[in-house]
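First the structure, in the form of structure tokens, and then the observations on it.
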There are 4 protein chains.
Amino acid sequence: MNDSYGKLFTITSFGESHGRCVGVTIDGCPAGLPVTEEDIQREVDRRRPSTSTASTARAEEDRVEILSGTFNGFTTGAPICLLIWNRDINSSEYEKTRSLLRPGHADYTASMKYGGFNDFRGGGRFSGRITATFVMAGAIARKLLSLADIEVIAHTIEIGGVKALPKEIDEIRKNVDRNPLHCADPEAAGEMLQVIEKARGEGDSVGGIIEGIALNVPVGLGEPVFDTLEGDLAKALFAIPAVKGVEFGSGFAAARKRGSENNDPFIIKNGRISTATNNAGGILGGISNGMPIVVRVAVKPTSSIAQKQQTVNIEKMESATLEVRGRHDACITPRAVPVVESMMAVTLCDFAMRAGILPEVIK
Amino acid sequence: MNDSYGKLFTITSFGESHGRCVGVTIDGCPAGLPVTEEDIQREVDRRRPSTSTASTARAEEDRVEILSGTFNGFTTGAPICLLIWNRDINSSEYEKTRSLLRPGHADYTASMKYGGFNDFRGGGRFSGRITATFVMAGAIARKLLSLADIEVIAHTIEIGGVKALPKEIDEIRKNVDRNPLHCADPEAAGEMLQVIEKARGEGDSVGGIIEGIALNVPVGLGEPVFDTLEGDLAKALFAIPAVKGVEFGSGFAAARKRGSENNDPFIIKNGRISTATNNAGGILGGISNGMPIVVRVAVKPTSSIAQKQQTVNIEKMESATLEVRGRHDACITPRAVPVVESMMAVTLCDFAMRAGILPEVIK
Amino acid sequence: MNDSYGKLFTITSFGESHGRCVGVTIDGCPAGLPVTEEDIQREVDRRRPSTSTASTARAEEDRVEILSGTFNGFTTGAPICLLIWNRDINSSEYEKTRSLLRPGHADYTASMKYGGFNDFRGGGRFSGRITATFVMAGAIARKLLSLADIEVIAHTIEIGGVKALPKEIDEIRKNVDRNPLHCADPEAAGEMLQVIEKARGEGDSVGGIIEGIALNVPVGLGEPVFDTLEGDLAKALFAIPAVKGVEFGSGFAAARKRGSENNDPFIIKNGRISTATNNAGGILGGISNGMPIVVRVAVKPTSSIAQKQQTVNIEKMESATLEVRGRHDACITPRAVPVVESMMAVTLCDFAMRAGILPEVIK
Amino acid sequence: MNDSYGKLFTITSFGESHGRCVGVTIDGCPAGLPVTEEDIQREVDRRRPSTSTASTARAEEDRVEILSGTFNGFTTGAPICLLIWNRDINSSEYEKTRSLLRPGHADYTASMKYGGFNDFRGGGRFSGRITATFVMAGAIARKLLSLADIEVIAHTIEIGGVKALPKEIDEIRKNVDRNPLHCADPEAAGEMLQVIEKARGEGDSVGGIIEGIALNVPVGLGEPVFDTLEGDLAKALFAIPAVKGVEFGSGFAAARKRGSENNDPFIIKNGRISTATNNAGGILGGISNGMPIVVRVAVKPTSSIAQKQQTVNIEKMESATLEVRGRHDACITPRAVPVVESMMAVTLCDFAMRAGILPEVIK
């Protein structure tokens, strides 16, 4: 496994879904950043399941603890270790069905790669719960970016085929936490909830699309030819379980456009160079161009569904039928919204440090 | 800049479009692999413009030279440096229009990031020509993968809105090099050529979609949670200029599917575990599952178009009009096909070495 | 800071001397290795001060906890997080004297680099206590190496000018833990103790030299030209506070030898190629040659001494006098012995994995 | 192999002693640095054998060529590839004796590690000639450091047991290139020459010690706990063939000192904090403290000697006798002096960039 990400702002994730804890170490954070457990808790809480979306029942208390790297309320330059102890764990169901490979999950690949030694309980290291470690790191990253006025915001733009209407950034900012779907279009959010409820009622699940936006990113972030801004953001976003597609700006739609449509004309705006449109999603040649970074992420439908599924019993090597018990999110897209923000923030922090925009010590 | 990619099988690209050469160093290649200049030349030639698609006129001779790393026709374990000298270069047009930012290109971001010191001629380091270095490295990678029976094949599946019909792998393999579009559907290829010609006639360009497939990839490649197979493949593919989207398996379509549709049921086939469908694109939990790896890449329409475009003169800081002279591909998608294959092969080599599947010495 | 080390077997250290804990994450450890808290505790206990050397008085209970990465007593392939909670901390002395730069310590450099935000208590991140995290990682590494029959052993060969007589490996193995100095020569150990006692009595301290030996290292570890076995071992050993010199084989003495003396003649022994002498310290061209790896490490005298020292008050920017209170080791060399073993083991593990000698899963 | 070094200022070495060329790619160099081939040639020429030391007879013309990364005489931010074509190569002697393992050389380890595929001619990748690539990279690094007023200077302080008298920095600077030994003490240099001549006359060789000094290094370079300034300098220096020991400041002598002697008292000098002595070699806690960085490097005697040596014929697996033909340096220490400077400069550049002291663009 490789559980570290970032060249100068490096996060190392550890922990398992049903182990003792999930945690993350952040190395390379400048000294002098004010950080409290509450700062991080707030972001982690946004990732928690909302009762109204009838998410997984685990009463995750999820109290963030800072184990190292701060002193008198400020970062010290030393690695910051953040931890959440796992509580309220019941692994009995997993023990019972451990030989039945859950379709869409990593049961099979993890078992093969780690010779059956992997902690399978609750998906172990492949659980969505691991994204709590991303969000803890993201909380630090977002604080740091805010010093350079960089803002990262993500929102749900599609669930189960229901699309949100495009909204201005102010409205997105205002609405995104007003409904459990993190959708900036309240009407679409209502429909999405119905689609989710319907799927759940049928023992099924739905997927969705999240849009991530980064504002006030200065020109010059990205280190091509290999560490492009698109490339590293994509890599970071594919670390989120269930993400199967990533596109920037006009993305796949660009493949159907003419060059005359898709090229963003350069203009002068407020005495600075800008572009009239943003089909590039804020990135040219792998480097930020000063426009908003716009990325869209496809999230597959939840793999754990109540319906009977065909599978294999890996111990007996014979066909089998699986019924996943327990309460599972019928749509995990909304919970991935703060995770998308977090991985974007971590990536932008790293590039900002590489470009010398974030200093070694904050004054 | 960061011009190295890969952890154990590491490629380092260098050179500029109108400089003396383009080259690549491959470090970490096992010793004992038979390699000749012809082996690499063959792959580089596939990337060359075909006259029938009326691509860029540069009479690129593009002779590959091996500068280091082989001895008596075999790799030695030492870094392999591969080089193509640039010839037939005319930079006069670029000198004349250097202050006019070309929309869709890296002129603006590169100029800002490198303080105007970047070699702007022909796009310099941001030129499509740099992908010749990817293809040289890919040629080595593909030879290496073939030792483990792993095959990588890419083909054009859409251009300018014209979609190819899905084809079986045998037909793809047979047809892909039979037309200049690297499209496995001959009829669609004909239509695509017409669409490209029409765009060119109108001083415009079109984009497209490439599908990359890797066959016989063993279970277990990928090092989550951060070095997932999807994440690193995506990062590698976004290093190809003009790529704006990457998706695996059902990709963005998964967002509109039910879990019951999108989950791939596990089955037993020829005594081994397999899946009945391949919506996962061969990857579960960031790790290969033994099914074909399937990735699709969105290529934007060529940025250089003959039509007049609105832009900015960065020296005078005033609005301006740009007419790009010279012959440019009206569609670069076909030329990107061997590049997609190459970056996939380099990534798979690296993961194969990390998983201990490729040895330090080939016997 | 960069607190990670190792390319495939990667350790990430965190924590501070007077913070909540010290810990380490080990990423890339093969699955299937049996590991218990007791295994690691044993190694950590060897680093603890012995009463007979009248070391630092802190009654370190130092209970190792495994937070992640094992399941049913075996490693899982996931990152292993090991932690020791700090107890019995009294930082009041440090608070009182924080403006007085302690000569030989990192007070000044850390304060400058981290803008005064560094946790200065007990040296914070620069304390010898951080080496407990090295030893925890080393415990895992040594277990892993033992699977390949590789053994790492270190011993004190000089303290305060008293040199131990050269001993055979069997005697070293037998004697090294029989005295608190980890010295294989019992008579020299007695003298060393007296030298230490004398220095302590005079409010002073002494340094020493440790020799590290790795046995049964197969031919072929090391990745030149930059990741030589010497280079990475040296880098790892210089991470131990107070180490100021590293040499291999005949080391600095080689500078005074003739080539005819220093070259190790090749011989055939038990049907295998070997060398008659080992001036190379087991490394030729940066690669292990099958002979014992022999490295020597110079440890400076403890910086904290009871004698009055001239220094500067950094807040007032004026000359000052410092008397370090509290009980400090008059010689830290013995406590560094298990740390040398640990950093050697971690480095060898990494190279063994890079050479494909350690598998992804242990069966 | 791993042939890259440096995190932000990254050099990648390639080429073989008797292959087509030796070369290096430097990635991460800021844009805007004036660089010409002559700048680099000058440093490379310093590494060339001097006739007066009767070094290896190869009439190396060694013309440096810049293949990429500069434009109009300035660096562009793109990777800089520097190359020297090999000329005047006669490999016949090596072909004849290839089965005879040369004691002290990498013949055995390279042959084992690379399965006999390694290019053995002239030592191939393990030849001292590879250090020309270090010197080329060092030439760029030194130019870059000079912008921050950092100066790196190395000199021979001991050869064959003859020690140079300690000299002030001005005298070192003045004398170092006045004799072929790069020794700042002219009298000692004379004696050293005699010792070398005597050894050569006896078909033997001698070793020596080089001291490297870096001046005006600001406080704060070094990224502990693992990327300490000592650790990375040591790693870089051990990449130089024949180096077997590295020590900083008082080094191994510290092991015999009392703490009261070895601690450097802090003082105020010219309104800034300094130390009265420099036993620390300019590094405290792995971080530069503003004093001169002082490192000493032990160079073993040349392995290639004319005397008959006992060895093994690896093909026949039987004892054999070797007489190395051709003219070889009887002491390689002097030629390593510019290489020590180069590897120090490359390392300091990397740390300066990591600390944000060197900008992305030079203005």
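The values are calculated or read from the model by the stated rules, or taken from the named source; none is laboratory data. It should be emphasised that the depicted structure is a prediction, and the values quoted were computed from it without experimental measurement. Please note: Cβ atoms are built from the backbone with ideal geometry, for glycine as well, and neighbour counts cover all protein chains shown.
Of all helices (runs of 4 or more DSSP H) completely enclosed by segment B:166-240, which ones contain at least 3 residues that are within 7 Å of chain A (Cβ to nearest Cβ) and at pLDDT 95 or above? The qualifying helices (runs of 4 or more DSSP H) are B:229-238. Any residue at all in segment B:220-230 that is under 23 Å from A:Ala242 (Cβ atoms) and of a type in the set (Val, Ile, Thr)? Scanning segment B:220-230, I find at least one residue that is under 23 Å from A:Ala242 (Cβ atoms) and of a type in the set (Val, Ile, Thr), so the answer is yes.
Considering each residue of segment B:118-152, count those that are more than 21 Å from the chain's Cα centre (by Cα), under 22 Å from B:Val324 (Cα atoms) and either small (Gly, Ala, Ser) or surrounded by 24 or more Cβ atoms within 10 Å (Cβ to Cβ) (or both), and give that number. Final tally of qualifying residues: 3. Among the residues making up segment D:157-174, a single one is farther than 30 Å from D:Asn289 by Cα and surrounded by fewer than 22 Cβ atoms within 10 Å (Cβ to Cβ): D:Gly161. Regarding segment B:318-330, can at least one residue be identified that is of a type in the set (Gly, Ala, Ser), surrounded by 21 or more Cβ atoms within 10 Å (Cβ to Cβ), more than 7 Å from chain A (Cβ to nearest Cβ) and more than 30 Å from B:Ile169 (Cα to Cα)? Within segment B:318-330 (the criterion being of a type in the set (Gly, Ala, Ser), surrounded by 21 or more Cβ atoms within 10 Å (Cβ to Cβ), more than 7 Å from chain A (Cβ to nearest Cβ) and more than 30 Å from B:Ile169 (Cα to Cα)), the answer is no, since none of the residues qualifies.
What about B:Ile172, is it touching a residue at least 24 places away in the same chain (Cβ under 8 Å), within 16 Å of the chain's Cα centre (by Cα) and closer than 20 Å to B:Ile209 by Cα? Considered against the rule, which asks whether it is touching a residue at least 24 places away in the same chain (Cβ under 8 Å), within 16 Å of the chain's Cα centre (by Cα) and closer than 20 Å to B:Ile209 by Cα, B:Ile172 comes out as no.
Being surrounded by fewer than 24 Cβ atoms within 10 Å (Cβ to Cβ), modelled with pLDDT of 95 or more, of a type outside the set (D, E, K, R) and more than 14 Å from B:Ile210 (Cβ to Cβ) narrows it down to one of B:Ser250, B:Ser288, B:Ser260, so name that one. It would help to see each step written out before you state the result.
Values: B:Ser250 fails: surrounded by fewer than 24 Cβ atoms within 10 Å (Cβ to Cβ); B:Ser288 fails: surrounded by fewer than 24 Cβ atoms within 10 Å (Cβ to Cβ).
After applying the criteria, what remains is B:Ser260.
If the condition is being under 25 Å from the mean Cα position of the chain (by Cα) and among the charged types (D, E, K, R), then segment D:69-102 contributes D:Arg87, D:Asp88, D:Arg102.
Counting only strands (runs of 3 or more DSSP E) wholly contained in segment A:244-313, the ones carrying 1 or more residues that are closer than 30 Å to A:Pro334 by Cα and more than 7 Å from every other protein chain (Cβ to nearest Cβ) occupy A:293-299. Among the conditions (1) among the hydrophobic types (A, V, I, L, M, F, W, C); (2) farther than 20 Å from B:Phe238 by Cα; (3) more than 22 Å from the chain's Cα centre (by Cα), the only one that A:Leu284 does not satisfy is (2). Here B:Gln194 clears all of (1) without any contact (Cβ under 8 Å) to a residue 12 or more places away in the chain; (2) more than 21 Å from B:Pro301 (Cβ to Cβ); (3) not β-branched (Val, Ile, Thr) except the condition numbered (2). Of all the numbered requirements in (1) of a type in the set (Asp, Glu); (2) surrounded by fewer than 17 Cβ atoms within 10 Å (Cβ to Cβ); (3) closer than 30 Å to C:Leu322 by Cα, C:Asp177 misses one, and that requirement is (3). Being under 24 Å from B:Glu158 (Cα atoms), among the hydroxyl-bearing types (Ser, Thr, Tyr) and under 23 Å from the mean Cα position of the chain (by Cα) is the requirement here; does A:Ser250 meet it? Answer is yes for this residue.
In segment B:84-104, the residues that are away from chain A (no Cβ under 14 Å) and farther than 15 Å from B:Val324 by Cβ form no Cβ pair under 8 Å with any partner that is exposed (fewer than 13 other Cβ atoms within 10 Å of the Cβ) and among the hydroxyl-bearing types (Ser, Thr, Tyr), whether six or more places apart or across chains.
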